[in-house]
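Here's the structure, in structure tokens; my notes come after.
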Amino acid sequence: MSATQAVETVFRIESARIIAGVARIVRDVGIAEEIAQDALVAALEQWPESGVPDRPGAWLTATAKHRAIDLVRRKETYARKLAEVGRTLEDVPPPAEPAAPDDIDDDLLRLIFTACHPVLATEARIALTLRLMGGLTTQEIARAFLAPEPTVAQRIVRAKRALAKAGVPFEVPYGADREERLASVLEVIYLIFNEGYSATAGEDLVRPALCEDALRLARVLAALMPKEPEVHGLAALLEFQASRISARTGPDGEPVLLADQNRSKWNRLLIHRGALAMQHAGSGPYSVQAAIAGCHAEAVRYEDTDWATIATLYGRLVELVPSPVVELNRAVAVSMAEGPEAALPLVDALAGEPALRSYHLLPSVRGDLLERLGRGEEARAEFERAASLTHNARERALLLGRAARV
């Protein structure tokens, strides 16, 4: 591996830690990222000549922190502030590289809470989190969410400015503010994973790289907040869901329905990790969803799925987070546990929900129930309607195929 490749690889792995450590000094995420980039440039200039250091991550971190200290010194004019900075930052030896990926200090926790602050819109939180915590470039984020690169770039820049203007402190909040911020953090990680697991648009059904980024963030958060049950619930949910990714598509990228998936392709290690995380989960929405995913993971065959338990868990989830989408999922579970005739009235009751007006899975589920009831013409019309609503080319092809076969 060349020195340039080494720099890029190490920076990709360590960038979140470097930015987090610098942000603690300069108290500004935008400036912290710029300083981290300066350290990267310094490495690109020096390592080809001097060689890659024994601890490249520590070298980058130390270089960035020294530049941050110099910046603070230049900006501060009051002796008291200088003395304070000197007491806390001077003569600090270069930090040792983490012994393992989970050996993370609290600076990362501060960074993820800052990037997911509720002062930012959801889209801005997602973009900023992927940039700072996931190490993704603007181009990669734009490609992942099928958005124009300039739009994503502006979103990130505005997010940094919004945090600076609002004076968002670089800290882990406590009390009610912490609960609100944690909910925001979990939501962002959840949305990132979902976009990778089932892309809303484009030619690909699944974007595994996006799922991997979200799963890594969930693991980081679980390691940093071991006493938060919902953090473990989210981690368990993503482990279980990620275990099925390789079986969700066929050789040509076409969707493979759950009933038809080759379960030998399910990743047993991820299922085991999910089960371990469930031991620390609670009774919140992510934990309940993880329990549902766990029921699927435990079934050796599709026919072995405990649909009655899944239907009950969805009922509990409806109580926690009332949502027509959750009601629709519960109807699917009821149809498998009690038959399509028991579920069709539940689905029909959702027809007037504004949130489901353009949701392609409503007519898709209804088409499936009608097909199982032998009402072929009605089923075909529902599948065609579902195909017209989805923006994902793979899903559209699947739905049109089902319509043709009815």
Of the residues that make up segment 13-27, is at least one at pLDDT 90 or above, charged (D, E, K, R) and open to solvent by 30 Å² or more (accessible area, probe 1.4 Å)?
-> no
Give the number of residues within segment 141-190 that are open to solvent by 50 Å² or more (accessible area, probe 1.4 Å) and at pLDDT below 85.
-> 11
Residue set 281, 291; condition open to solvent by 20 Å² or more (accessible area, probe 1.4 Å), at pLDDT 95 or above, part of a loop (DSSP other than H, G, I, E, B) and of a type outside the set (Val, Ile, Thr); output residue 281
Would you check if there is a residue in segment 360-372 being surrounded by fewer than 17 Cβ atoms within 10 Å (Cβ to Cβ), part of a loop (DSSP other than H, G, I, E, B), at pLDDT 95 or above and more than 27 Å from the chain's Cα centre (by Cα)?
-> no
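Every residue, every condition in (1) open to solvent by less than 60 Å² (accessible area, probe 1.4 Å); (2) within 23 Å of residue 308 (Cβ to Cβ); (3) at pLDDT below 95; (4) touching a helix residue (DSSP H, G or I) at 6+ places or on another chain (Cβ under 6 Å), yes or no:
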| position | (1), (2), (3), (4) |
| --- | --- |
| 336 | no, yes, no, yes |
| 344 | yes, yes, no, yes |
| 347 | yes, yes, no, yes |
| 352 | no, no, yes, no |
| 380 | no, no, no, yes |
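Identify, from the list 151, 137, the residue that is closer than 23 Å to residue 216 by Cα and not hydrophobic (A, V, I, L, M, F, W, C).
Matching residue, one of 151, 137: 137.
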Select from segment 121-136 the residues that are open to solvent by 10 Å² or more (accessible area, probe 1.4 Å) and outside any helix (DSSP H, G or I) and write down the one among them that is nearest to residue 36 (Cα to Cα).
-> 135
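From 306, 260, which residue is charged (D, E, K, R), within 30 Å of residue 338 (Cβ to Cβ) and modelled with pLDDT of 95 or more? Break it down stepwise before answering.
Numbers: 260 fails: modelled with pLDDT of 95 or more.
Step by step, each of 306, 260 is checked, and only 306 is charged (D, E, K, R), within 30 Å of residue 338 (Cβ to Cβ) and modelled with pLDDT of 95 or more.
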Sort out which residues of segment 48-68 are surrounded by fewer than 20 Cβ atoms within 10 Å (Cβ to Cβ), over 29 Å from the mean Cα position of the chain (by Cα) and part of a helix (DSSP H, G or I), and write them in order of number.
-> 48, 49, 50, 62, 66, 67
Test: residue in segment 255-271 that is closer than 28 Å to residue 393 by Cα, open to solvent by less than 40 Å² (accessible area, probe 1.4 Å) and in contact with an Asp or Glu (Cβ under 8 Å, 6 or more places away or on another chain) | yes
In segment 3-12, anything open to solvent by 50 Å² or more (accessible area, probe 1.4 Å) and either among the aromatic types (Phe, Trp, Tyr) or free of Cβ contacts under 8 Å to residues at least 12 places away in the same chain (or both) is listed as 5, 8, 9
What tally of residues in segment 132-141 results from selecting those that are closer than 15 Å to residue 191 by Cα and free of Cβ contacts under 8 Å to residues at least 60 places away in the same chain?
-> 1
Select from segment 28-43 the residues that are among the hydrophobic types (A, V, I, L, M, F, W, C) and open to solvent by 60 Å² or more (accessible area, probe 1.4 Å) and list them in ascending order.
-> 41
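The values are calculated or read from the model by the stated rules, or taken from the named source; none is laboratory data. The shown structure was predicted, so the numbers you read here are calculated from the model rather than taken from an experiment. When we count neighbours, we look across all protein chains shown, and the Cβ atoms used for this are built from the backbone with ideal geometry, even at glycine. Ligands, DNA and RNA are excluded from the accessible area calculation, which covers all protein heavy atoms including side chains. Shrake-Rupley method; radii C 1.70, N 1.55, O 1.52, S 1.80 Å.
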